[in-house]
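Working notes for the structure below.
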Amino acid sequence: MKNELHDRRGFLRKSALATLTTLVGTEVVFANTIPRHYRPLGFDYNPLEGKSPDMKVLGDKPWNVETPIHLLDDAVTPTSKMFIRNNGLIPEAPADVNTWTLTINGESVKAPKTYTLAELKKRFKSYTYQLVLECGGNGRSGFEPQTTGNPWDQGAVSCAAWTGVRLADILADVGLKSDAVYIGYYGKDPHLSLDPAKVAISRGVPMKKAIEAETLIAWAVNGQDIPLAHGHPLRLVIGGWPASVSGKWLHTIAVRNKIHDGAKMEGHSYKVPIHPVQPGEKIPETPENFRIIESMPVKSLITAPATGAVFSAKRPLSVRGHAWAGDRAVASIQTSIDFGATWQPGTLKPAKNRLAWQQWTAELSFPKAGYYEVWVRATDSAGITQPMVIPQWNPGGYLNNACHRIAVKAV
Ligand SMILES: Nc1nc2c(c(=O)[nH]1)N[C@H]1C(S)=C(S)[C@@H](COP(=O)(O)O)O[C@H]1N2
Ligand SMILES: [Mo]
């Protein structure tokens, strides 16, 4: 089913009407007067089905849904607790998944090639990796002044187990020219305007990241088909970089001889100033001033207890969470109960695989009853530690990797 409802003359497509009728479960009586570019509300697939009831909806046009931190306690994030970030509309689910195709084209392929999903599964070896997908704007609400974009708290992050084939294997099968430097993805999600000429998002990564072992063309997450909201039936998954490079509803990957120039690669989208700017300062959005965000910075979360916990001061309090560091590993974590004046080392586990988050635990003793905050900070393998309060402000509100903090009361 095409997502544009009207044909070029402005008449409602028969196929669109049929889908709408099925979705609303009855005749759409005034279907002939549905305005051009108007998307009937009955089309709205509800991505909250199957989600935890405590997920926080930031908006439904497009759908953006955040995970409260205490729900991120699992080592492997269940799909019911995965945040949702959309730039456009969620497309219709395909009637037959096996005939879904992936085309590899672009100026740097020797010749374009198309595979059905069934062929991908049959022809290439499949792998499963736990991968951190974190929105580049996760933590945006912490910046002052506020920037445009979704005001995420710290819950636009997940680490699920993705299954698929390596993009590197597919690209080797296609055959690339020597000038290949970048890839760009295209997904089936319609632009919010429903204008078929507009693309909601089409981002990419340099070849070096594209051909890493963990870069997957995935059809399953946590052992099940990918839910529609997360890119069913096929998705690019690239851990450790802004999740905006992990294209959902994937149908095409272009191999480029220059930095990919798709939607959301322009302006200051997913970019930060090369030199620090004053909070709120506007600078020209030129390549001399901005760099594209690549590996995400070191970060950690306290996932248990939830903020606001009340406990007995007589016994130590067990706290735990995750830490991750983009392309790097996390080397150590520390906690503080005195607003960052002193820090105690916690215990950190190694990652299940490269680009997965790592679990940490700590036993904290409190001198007496009263109000405390527990702060956590992680240090990556290059010796870089999270900032205590807020990192460098930037116009897109990206990369806030400030220490996560919870409030607790000892009684
Ligand atoms: N086709 C498509 N892919 C997309 C997006 C989108 O809007 N359309 N959003 C991107 C962004 S900005 C993020 S943070 C992640 C979110 O993935 P999730 O919704 O599965 O958590 O998907 C990325 N892939
Ligand atoms: Mo994102």
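List of remarks:
- Residues located in the range 111-136, provided they are in contact with a Pro (Cβ under 8 Å, 6 or more places away or on another chain) and closer than 19 Å to Leu355 by Cα: Glu134, Cys135, Gly136
- Selection status of Thr303, of a type outside the set (Gly, Ala, Ser), closer than 22 Å to Ala351 by Cβ and more than 16 Å from ligand 2 (Cβ to nearest atom): yes
- Subset of the range 339-381 that is over 32 Å from the mean Cα position of the chain (by Cα) and polar (S, T, N, Q) - its residue that is farthest from Ala306 (Cα to Cα): Thr342
- If you check Ala351, Ala356 for being of a type in the set (Gly, Ala, Ser), modelled with pLDDT of 95 or more, in a loop (DSSP other than H, G, I, E, B) and surrounded by 22 or more Cβ atoms within 10 Å (Cβ to Cβ), only one passes: Ala356.
- Some residue of the range 212-231 being of a type in the set (S, T, N, Q) and touching a Phe, Trp or Tyr at 6+ places or on another chain (Cβ under 7 Å): no
- Residues being aliphatic (A, V, I, L, M) and touching a helix residue (DSSP H, G or I) at 6+ places or on another chain (Cβ under 8 Å) - total across the range 66-88: 4
- Residue match in the range 163-181 (condition: closer than 28 Å to Val277 by Cβ, hydroxyl-bearing (Ser, Thr, Tyr), within 16 Å of ligand 1 (Cβ to nearest atom) and outside any helix (DSSP H, G or I)): no
- Put simply, of Ile211, Ile183 the only residue that is in contact (Cβ under 8 Å) with a residue 24 or more places away in the chain, surrounded by fewer than 24 Cβ atoms within 10 Å (Cβ to Cβ) and under 19 Å from Ile292 (Cβ atoms) is Ile211.
- Scan of the range 214-227 for residues that are surrounded by 23 or more Cβ atoms within 10 Å (Cβ to Cβ) and either under 18 Å from Arg354 (Cα atoms) or small (Gly, Ala, Ser) (or both), ordered by number: Thr215, Leu216, Ile217, Ala218, Val221
- Criterion: over 27 Å from the mean Cα position of the chain (by Cα) and surrounded by fewer than 20 Cβ atoms within 10 Å (Cβ to Cβ) - qualifying residue of Ala306, Ala313, Ala263: Ala313
- Unmet requirement for Thr286, which otherwise passes all of (1) surrounded by 14 or more Cβ atoms within 10 Å (Cβ to Cβ); (2) part of a loop (DSSP other than H, G, I, E, B); (3) more than 16 Å from ligand 1 (Cβ to nearest atom): (1)
- Residues of the range 103-116 that turn out to be closer than 22 Å to Arg203 by Cβ and among the aliphatic types (A, V, I, L, M), as a count: 2
- Lone unmet requirement of (1) assigned to a strand (DSSP E or B); (2) of a type outside the set (Lys, Arg); (3) touching a residue at least 40 places away in the same chain (Cβ under 8 Å) for Phe366: (1)
- The lone criterion from (1) of a type outside the set (Asp, Glu); (2) within 14 Å of ligand 1 (Cβ to nearest atom); (3) under 30 Å from Val389 (Cβ atoms) left unmet by Ser141 is number (2).
The values are calculated or read from the model by the stated rules, or taken from the named source; none is laboratory data. Everything numeric in this text was worked out from a predicted model, so none of it was measured. Cβ coordinates were reconstructed from backbone atoms using ideal geometry, including for glycine residues, and neighbour counts include every protein chain displayed.
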